[in-house]
Amino acid sequence: MGITIISCSSSKSKVKGGSAKSWTYFRIYADADDDPIFVKLQDNLNIDPKMERYTIVIDIRKDNLAPYIIFGDIEESSPKTFPWSRLSKDVQDGLINWSRDNKERLD
């Protein structure tokens, strides 16, 4: 008599819908401990005091004449909106190229 073990794992990833690096409208659940880019982003936007965890929404779609970043979530009552151009090039590139499971496509 043998024992059979069947394991099912359902790992639901937020990174879905093609390559996360190609997305132009997305949300990131940021954690300053994940990468220094999330601290540098707050420096770029003059966020003080610094937050350890926060949500950002990025809209850099080609049809959007004024690309922006929302610090907070779009469902919040008063998120702060900033022009995408306010972020340094290395922060912009870091956010676009971010491909961990805390990045979620919105379109």
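Derivation of every value follows stated rules applied to the coordinates shown; laboratory data play no part. Everything numeric in this text was worked out from a predicted model, so none of it was measured. Here Cβ is always computed from backbone atoms with ideal geometry, including for glycine, and neighbour counts include all displayed protein chains.
Legend: ranking of residues Val39, Val91 from fewest to most surrounding C-beta atoms inside 10 Å; resulting order Val39, Val91. Here the Karplus curve 6.51 cos²θ - 1.76 cosθ + 1.60, taken at θ = phi - 60°, turns the phi angles of the range 90-100 into couplings of 5, 6, 4, 4, x, 5, 4, 7, 4, 9, 7 Hz, with x standing for Gly and Pro.
One equal scatterer on each Cα of the range 21-105, no solvent, Debye formula: the resulting log10 I(q)/I(0) at q = 0.11, 0.12, 0.14, 0.22 Å⁻¹ is -0.25, -0.30, -0.41, -1.13. Sorted on the mean count of surrounding Cβ atoms within 10 Å across their residues, most packed first, peptides 67-75, 54-62 read 54-62, 67-75.
Listed by Cβ neighbour count within 10 Å, with the fewest neighbours leading, Arg53, Arg86 appear as Arg53, Arg86.
A simple packing score, the average count of other Cβ atoms within 10 Å per residue, orders the peptides 25-32, 96-103 as 25-32, 96-103, with the highest score first. For the range 67-80, backbone phi angles converted through the Karplus equation (6.51, -1.76, 1.60; θ = phi - 60°) give residue-by-residue couplings of x, 9, 10, 9, 9, x, 10, 5, 7, 6, 6, 8, x, 8 Hz, Gly and Pro being listed as x.
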